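Read through the structure below, which is laid out as structure tokens, and then see the notes.
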Amino acid sequence: MDTRQRILDEALTLFSEKGYANVFVADIANRVGIKAPSLYKHYKNKQAIFDAIIAEMNKRFLEQAGALQINGADAAADADIYKTISEEQLIDLGRNLFLYFLHDDYTRRFRKMLTIEQFHDASLAKIYQKQYVDDPLSYQGMLFGMLVASGILQTENVEIMTIHFYAPIYMLLVMCDREPEREQEAMKTLEDHIRQFNSLYRRDEKTIRKNRNKHKEQ
């Protein structure tokens, strides 16, 4: 791990342990094992370190999404993928993404830090809202809207359907953060949730099979 990456890693650990406001550049430099002036050669201030942490976390997520053969950021690109996968494939995808967010150490520490700091810092509260509410709902809302338009899902209110899907998953994630021993229970609930979601919104397997066959022909 190079010095720039070590700075981010140690800063994130300190932020999650002490809170963002209580950590100073000198603390980060000391944890890395360098002098503060050396740290400034890599990042101009604590805010730049924080911004780099967010960029690194998003980069890691996109790499994981790619490994799972989805885009993760482009709803239009992922809509074409979701048009062709079966319910079992969707459950596997949901399980793998959930486990990533739960166990990826970088992502877990960042979530812990923001969960705590949202009550102490208005700017971090906005980042929490964007990271865990606004952005996921925006992406999934666009995705579900396209799936409704293509006949894969059916609803009169895409916004409410999106909340129905996302809110229980985030609740399970928070539950496992507090009580790790409940992970197995959460995984079973997650699978049941995805199956019921498909049942409630009438996932059209005939249309999916048709799209899958069309995709194979192309």
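The values are calculated or read from the model by the stated rules, or taken from the named source; none is laboratory data. Every value quoted in this text rests on a predicted model; they were computed, and no experiment measured them. When we count neighbours, we look across all protein chains shown, and the Cβ atoms used for this are built from the backbone with ideal geometry, even at glycine.
Numbers below:
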item: Residue count for the stretch 96-110, restricted to those that are surrounded by 16 or more Cβ atoms within 10 Å (Cβ to Cβ) and of a type in the set (D, E); result: 1
item: Residue tally, condition among the small types (G, A, S), buried (at least 16 other Cβ atoms within 10 Å of the Cβ) and either within 15 Å of the chain's Cα centre (by Cα) or within 13 Å of F98 (Cβ to Cβ) (or both), over the stretch 142-187; result: 1
item: Close pairs (9 angstrom Cβ cut-off, 6 or more residues apart or separate chains): over 11 Å from A11 (Cα atoms) in the stretch 24-42, in a loop (DSSP other than H, G, I, E, B) anywhere; result: A36/F24
item: Residue in the stretch 9-25 that is surrounded by 14 or more Cβ atoms within 10 Å (Cβ to Cβ), within 25 Å of L124 (Cα to Cα) and more than 24 Å from the chain's Cα centre (by Cα) present; result: yes
item: Subset of the stretch 60-79 [over 17 Å from the mean Cα position of the chain (by Cα) and touching a residue at least 60 places away in the same chain (Cβ under 8 Å)]; result: A76, A79
item: Helices (runs of 4 or more DSSP H) (entirely within the stretch 138-218) containing at least 3 residues that are closer than 21 Å to D74 by Cβ and at pLDDT 95 or above; result: 158-178
item: Residue ranges of helices (runs of 4 or more DSSP H) in the stretch 6-72 with at least 1 members under 24 Å from Y128 (Cβ atoms); result: 25-32, 46-67
item: Residue ID - nearest to Q131 (Cα to Cα), chosen from residues in the stretch 73-82 that are part of a helix (DSSP H, G or I) and among the hydrophobic types (A, V, I, L, M, F, W, C); result: A75
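Residue-by-condition table, conditions (1) closer than 18 Å to I7 by Cβ; (2) assigned by TED's automatic domain parsing to the domain that holds Y170:
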position	(1), (2)
G33	yes, no
K41	yes, no
E56	yes, no
L62	no, no
A77	no, yes
T84	no, yes
L97	no, yes
T115	no, yes
